[in-house]
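Here you go, one structure.
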Amino acid sequence: MSETNESLIPKWHRELELFSGIKPLLILEGNVLDQYRYPLKGSVEQDEIIPLSRYLHTFFSDNGYDQVVFYSNLVGFMSPYDPSMLNRFAAATGTTIKDGAIQAEFKGNGADTAPNVIRRAMFQRKAATVTVLEMASHYITTPERMDQQDVNSFNILMQSALSASWVRTTQGKKQNLLILLVNKLNDLPAWFYLNNPVCKILRLEAPDREERKRMMTGNNFAGFFSGTVYRRDLPYYTEHPDELERIKERFVGLTEGMTFTELDEMRLLCKKEEIPIKDLCTVVDLYKYGIKENPWSRLNMESLKTAKQDFEKRIKGQDTALERTLDVVKRAVTGMNGVNSSSAGKPKGVLFFAGPTGTGKTETAKALAEKLFGDESTCIRFDMSEYGQSHSDQKLMGAPPGYVGYEAGGQLTNAVKKNPFCILLFDEIEKAHSSILDKFLQILEDGRMTDGQGNTVYFSETIIIFTSNLGIYVKDAFGNREPNVTMDMPYPEVQTKVRSAIEDYFKLELGRPEILNRIGENIVVFDYIRRDAAELILKAQVNKIISRLREQKNICIRIEDFAYASLQEAATFDLSNGGRGIGNQVESLLINPLSRWLFDNGVSGDADIVIEGFNTTANPPSVICRREEAAEK
């Protein structure tokens, strides 16, 4: 190995150097379609990003191999970086070159099928040979649907590796090598590599933090900017190196999980758009989402100063829950979310709304969407009771290739690709299947996932909200449900008991404490709807009805005080169903009887109506009204 900084050499490169001298069969899986920066001094520049095929050609050529040949079932055998190697390969295997390639099918019965040519190359002792099978994932449909010719082809490859010859070279004895490049290991038949003593599997990962930091040094960094921009901005950052370092560190954090190819494409995009150094990180959003302006950048602390008051117009009696919710949003706006985490690509915020039914959990999520993005439709709701089956993760994330629904994609991934700036609301998360919880772990930790079609979906601009009724009821020693909290308990006690029950569920019943760890301290417990809050909810709903009738029909409704008192008593008598229960009572006691009275009396508009009383005990309930003179238009 040439002298170089050991830390700059990827792990898989070091493993390749180690095991290529021991194992004749190497399988490289994972990030095989990416481009790489060759870390050693040799025939390529160290700052140059090159395809994996050229990387392997350079590596084995530098290590004394006489010929490095690549096979594709579309073209045949090639040696694109040194055609003379293909000539020697043809001579050693008794094959013919046509149009710059040795054409050979992967399966068949002839002597010149690709596996048989490879067998001759592996057995010969004239020249140390490396044969690389590119796109090996695509040679068969699936390992479960192999025909006999497929099986024969892989049997020949296995026999070739088991009997590979050693060849003496100027750099010592070298064993002929067979290398397969695959996207996923399970694209190959398991019997080909499992318990195979001559096989070694090497995993190619996306560039790690140190490799991405190299993109931020020297000429690599300058390559992100047009000459005009770089010359204009550099003097300032020469005098303020700390600011420049912060920009670089943020870029490195935001690009976690991206490939070298994607990083290089962002470099070209940044240069093309003439983005200044101070706005370097905006190229990440531009590349991911195709937008120049991030809606989060339009938010500021001033816009959130009235947020609590705005929320209280829609959600009553939940002061503590609203404060906790807004804390998470304020962290996102001030850039404080994730400052204690190694991943800069996490979602903007994660909230777990718990508490009794009808207390405003879903309404809070909608109000938050309207405040942040100007439209409550950016709150995308998923009812997790629909995802309780083992295969439900495919419905949410997308089915893999070859399965029903593959073309449609996943409901969640499609929604985020369509609008990456949104609030994702997962109602009753405890009803989801455990396979979906595993997916959430990846989203909460990394802020991204790969859908069934192989596309990377980013969640770094979303707020994720889970809702749950966990902790309201618990099971006794006999497995029966019993109340864990009741309305006569003060809120601090409700909060403590609900949080404790949620922790017990994830740790003891579900056995998944890591999910709870990802949520952290962002469990927000909503209180019961108390009497004073119930009266405010009722008043707000009645006022909304009166306002809409006036706006839409020019029907002016006035309710006498004693009549309203009887409505209030009936509508707030049972608060066990929270605000939703009050809404049901308003529909039963006011909306339905008033609609019946208006219809029976031929009132379709332009009228003043006084409600003098409510007969709440009648079946169905009724209203006592009188009509005054027509309203002024």
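Go over the candidates Leu437, Leu508 one by one and state the one that is surrounded by fewer than 21 Cβ atoms within 10 Å (Cβ to Cβ), free of Cβ contacts under 8 Å to residues at least 24 places away in the same chain and assigned to a helix (DSSP H, G or I).
Unique residue meeting the criteria: Leu508.
Taking the stretch 390-407 as the search range and keeping residues that are exposed (fewer than 14 other Cβ atoms within 10 Å of the Cβ) and modelled with pLDDT of 70 or more, which one is farthest from Gly452 (Cα to Cα)?
So the residue we want is Ser390.
Taking the stated definitions as given, is Val603 of a type outside the set (S, T, N, Q), surrounded by 15 or more Cβ atoms within 10 Å (Cβ to Cβ) and farther than 30 Å from Met489 by Cα?
Yes: the conditions hold for Val603.
If you take the residues of the stretch 128-166 that are polar (S, T, N, Q) and buried (at least 21 other Cβ atoms within 10 Å of the Cβ), which of them is nearest to Leu33 (Cα to Cα)? First the steps, then the outcome.
Here is the first cut: in the stretch 128-166, the residues polar (S, T, N, Q) are 129, 131, 137, 141-142, 148-149, 152-153, 155, 159-160, 163, 165.
Next, from what is left, pick out any that are buried (at least 21 other Cβ atoms within 10 Å of the Cβ): 129, 131, 153, 160.
On the way: Thr129: 23, Thr131: 18, Ser153: 24, Ser160: 26 Å.
Only one residue tops the list, namely Thr131.
Next up: Anything in the stretch 217-235 that is farther than 16 Å from Lys248 by Cα and not in a helix (DSSP H, G or I)? List them, or say none.
Ser226
Also, quick follow-up: Out of all the residues in the stretch 272-286, which are buried (at least 18 other Cβ atoms within 10 Å of the Cβ) and either part of a helix (DSSP H, G or I) or among the small types (Gly, Ala, Ser) (or both)?
Passing the criteria: Ile277, Thr282, Val283, Val284, Asp285, Leu286.
Of everything in the stretch 199-224 that's among the aliphatic types (A, V, I, L, M) and modelled with pLDDT of 95 or more, which residue is nearest to Ile277 (Cα to Cα)?
Leu202
Would you check which residues across the stretch 64-85 are on the phi > 0 side of the Ramachandran plot and crowded, with 16+ Cβ neighbours inside 10 Å and list them?
Within the stretch 64-85, just Gly76 meets the criteria.
Could you run through the stretch 293-322 and say how many residues are in contact (Cβ under 8 Å) with a residue 12 or more places away in the chain, over 28 Å from Ala533 (Cα atoms) and not in a loop (DSSP other than H, G, I, E, B)?
The total comes to 2.
A follow-up question, please. Residues being of a type in the set (Gly, Ala, Ser) and under 14 Å from Leu178 (Cα atoms): count how many of those fall in the stretch 91-122. Spell out the reasoning first.
Let us first name the residues in the stretch 91-122 that are of a type in the set (Gly, Ala, Ser), namely 91-92, 94, 100-101, 104, 108, 110-111, 114, 121.
Still in the running and under 14 Å from Leu178 (Cα atoms): 114, 121.
Final tally of qualifying residues: 2.
Scanning for something out of contact with any Cys (no Cβ under 7 Å at 6 or more places or on another chain), among the basic types (Lys, Arg) and surrounded by 18 or more Cβ atoms within 10 Å (Cβ to Cβ), does the stretch 242-256 turn up at least one residue?
yes
On to the next question. Got a number for residues in the stretch 554-611 being among the hydrophobic types (A, V, I, L, M, F, W, C) and assigned to a strand (DSSP E or B)?
Counting residues in the stretch 554-611 that are among the hydrophobic types (A, V, I, L, M, F, W, C) and assigned to a strand (DSSP E or B) gives 8.
In addition: So Ser622 passes all but one of these: (1) within 45 Å of the chain's Cα centre (by Cα); (2) at pLDDT 90 or above; (3) among the polar types (S, T, N, Q); (4) surrounded by 15 or more Cβ atoms within 10 Å (Cβ to Cβ). Which condition number does it fail?
For Ser622, the failing item is (1).
List, please: which pairs have Cβ atoms under 9 Å, are six or more places apart or on different chains, and start with a residue in the stretch 458-480 that is assigned by TED's automatic domain parsing to the domain that holds Glu430 and on the phi < 0 side of the Ramachandran plot and end with one that is assigned to a loop (DSSP other than H, G, I, E, B) and among the hydroxyl-bearing types (Ser, Thr, Tyr)?
Listed by first residue and then by second, the contacts come to Asn469/Thr357; Ile472/Thr357.
Sort through Arg125, Arg88 and tell me the only one that's surrounded by fewer than 17 Cβ atoms within 10 Å (Cβ to Cβ), closer than 21 Å to Asn176 by Cβ and not polar (S, T, N, Q).
Arg125
Could you tell me whether any residue of the stretch 241-251 is outside any helix (DSSP H, G or I) and of a type outside the set (Gly, Ala, Ser)?
Checking the stretch 241-251: not a single residue is outside any helix (DSSP H, G or I) and of a type outside the set (Gly, Ala, Ser).
Let me ask something else about it. Give the stretch 460-487 a look and list any residue that's in a strand (DSSP E or B) and over 18 Å from Phe352 (Cα atoms), or say none.
Scanning the stretch 460-487 gives Val474, Lys475, Arg481, Glu482, Pro483.
Any idea which of Lys213, Lys173 is in the same structural domain as Lys248 (by TED's automatic domain parsing) and either closer than 23 Å to Thr93 by Cα or surrounded by 14 or more Cβ atoms within 10 Å (Cβ to Cβ) (or both)?
The match here is Lys213.
Starting from the stretch 91-118, keep only residues that are in the same structural domain as Thr131 (by TED's automatic domain parsing) and among the charged types (D, E, K, R), then list their pairs with residues that are surrounded by fewer than 19 Cβ atoms within 10 Å (Cβ to Cβ) and outside any loop (DSSP other than H, G, I, E, B) whose Cβ atoms are within a distance under 8 Å, requiring at least 6 positions of separation or different chains.
Final answer for the pair search is Lys107/Gln149; Lys107/Asp150; Lys107/Asn152.
On the basis of being of a type in the set (D, E, K, R), touching a residue at least 24 places away in the same chain (Cβ under 8 Å) and under 30 Å from Gly317 (Cα atoms), does Glu445 make the cut?
In short, no.
Check off (1) under 24 Å from the mean Cα position of the chain (by Cα); (2) assigned to a helix (DSSP H, G or I) for Arg203 and give me the number that stays unchecked.
Looking at each condition in turn, Arg203 falls short on (2).
The values are calculated or read from the model by the stated rules, or taken from the named source; none is laboratory data. Remember, it's a predicted structure, so these values are computed and weren't measured experimentally. Quick reminder, even Gly has a Cβ in these numbers, built from the backbone with ideal geometry, and neighbours come from all protein chains shown.
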